[in-house]
Amino acid sequence: GLRDPHVMVTSGANQAFVNCVMTLLDEDDQEGNISKCVVFEPYYFNHVMAVQTARGGSGCGGMASNPTTGGDDDDDATSFVEGLLVGPTTKGVPDLEWLKSRLDGNKYNDSDSGTTTSGNAIRMVTLVNPGNPTGVSLSREFLEEITQLTKEYGVWLVMDNTYEHFDVEEKNKLSNTNDITTPDFPCFDEEHVINIFSFSKGYAMAGFRVGYVALSSKKSNDNVEGRGTRAYEQMLKVQDTIAICTSRISQMAALGALRAGREWVHEQVRTLDTGRKAILGALSSLEDVIGGNGAMYVMGKLPEGVNDQEFASSLVEHYGVAVIPGSFCGLPGWIRVCYSNLPPEDCKIAAARLEKGILELTAK
């Protein structure tokens, strides 16, 4: 877990991520670095929009990448948005071999060490766990591996832990351990790791807009302030410019939630099992489904040739069910379904409508 970190309360986790982008991404520094942020498809669209807002690019407001992700040309066709690299996943799990290859080819110029590269530098890697939109909970072993990898390359790892309470299959727990002192959810106390948290999902406080970002306060062996502290000091300037602070009444509500403890949260999370199973059943006719073991989402692949945006519009208009088109998350031809917005019995009704809509709208 985190030991005495710097904590900054933000107006939701989205503002926390914007703080990270504004603090960490340089447009062009004295070494000629044009810093980049890595996200993985399917991505959380607000993360991409944050980079678009800060860095722009010829496709700002459009798709960050195209269906050819995984190719070798034009950095996987992600040059539409300056400062953004979009990496591939397998079943919602980021491809670390792809990341390592990009880290090898996108190092920061460092005059002190004599390093000379192209200057297309990766500065931060973003990970959402459990995933939005994937609904995939990454294993603790995977998290340890990506933490070590980014550490080796001196790159920031921004962990969006908004869905920390929704690790349905306990993927984040250490295997083969009965140590009750080991925290269920991993937060790595490393100088290069920035953790983002939210009260919106676990504590059902979305409208209050309360989140927070935690940065390491570690010092070097000679008592010099570490990377986390230096980043925190710069982030204070961003915070003071954007929001100054979260509203007092929202902070008081969040404090009350913390004092009440997490047992209420765990009880509410367990009520989602009925809806999750119903939605998984509704998607069973599709060729491929990912998620359902983390967060509150499941993604399904539509048959070839079905436009996901038109499909989503038809579901709303004719079946009274709302889903997110996968193209909004960089994954055309898929849909994201949320199973947390309705009471269990109502979710069963929605699942039946969804299943009917899928069968009828995708019929050849």
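Brief remarks on what is shown
- Annotation: extensible slack from E304 through K219 equals 25.2 nm (criterion: 0.36 nm per residue apart, minus Cα-Cα distance).
- Rounded accessible area of D160 (nearest 10 Å², 1.4 Å probe): 10
- The Cβ shell under 9 Å around V168 holds other residues with a net charge of -2, Lys and Arg each +1, Asp and Glu each -1.
- Sequence of T274, T241, T23 when ordered by accessible area, the most exposed leading, probe 1.4 angstrom: T241, T274, T23
- When S250, S217 are compared by accessible area at a 1.4 angstrom probe, the order from most to least is S217, S250.
- Gain on full stretching of the segment that runs from E145 to W264 - 0.36 nm per residue minus C-alpha separation: 39.6 nm
- The order of R270, R209, R336, R248 by accessible area, most exposed first and with a 1.4 Å probe, is R248, R270, R209, R336.
- Length available on full extension from D4 to I349: 0.36 nm per residue minus the Cα-Cα distance, which gives 119.6 nm.
- FRET efficiency, 1/(1 + (r/R0)^6) with R0 25 Å, evaluated for D26 and I242 via beta carbons: 0.85
- Estimated at the nearest 10 Å², the accessible area of E355 is 80 Å² with a 1.4 Å probe.
- Counting Lys and Arg as +1 and Asp and Glu as -1 over every other residue whose Cβ lies under 12 Å from the Cβ of I196, the net charge comes to -2.
- Computed accessible area, K356, all protein chains, 1.4 angstrom probe, square angstrom: 110
- Out-of-range pairs (alpha-carbon distance over 22 Å; input K36/K100; K100/K237; K91/K277; K100/K219; K171/K348; K36/K151): K100/K237; K100/K219; K171/K348
The values are calculated or read from the model by the stated rules, or taken from the named source; none is laboratory data. Predicted model, so just to flag it, every value in this text is computed and none were measured. Cβ atoms come from the backbone with ideal geometry, glycine included; neighbour counts cover every protein chain shown. The accessibility values were calculated without ligands, DNA or RNA, using every heavy atom of the protein model including side chains. Shrake-Rupley method; radii C 1.70, N 1.55, O 1.52, S 1.80 Å.
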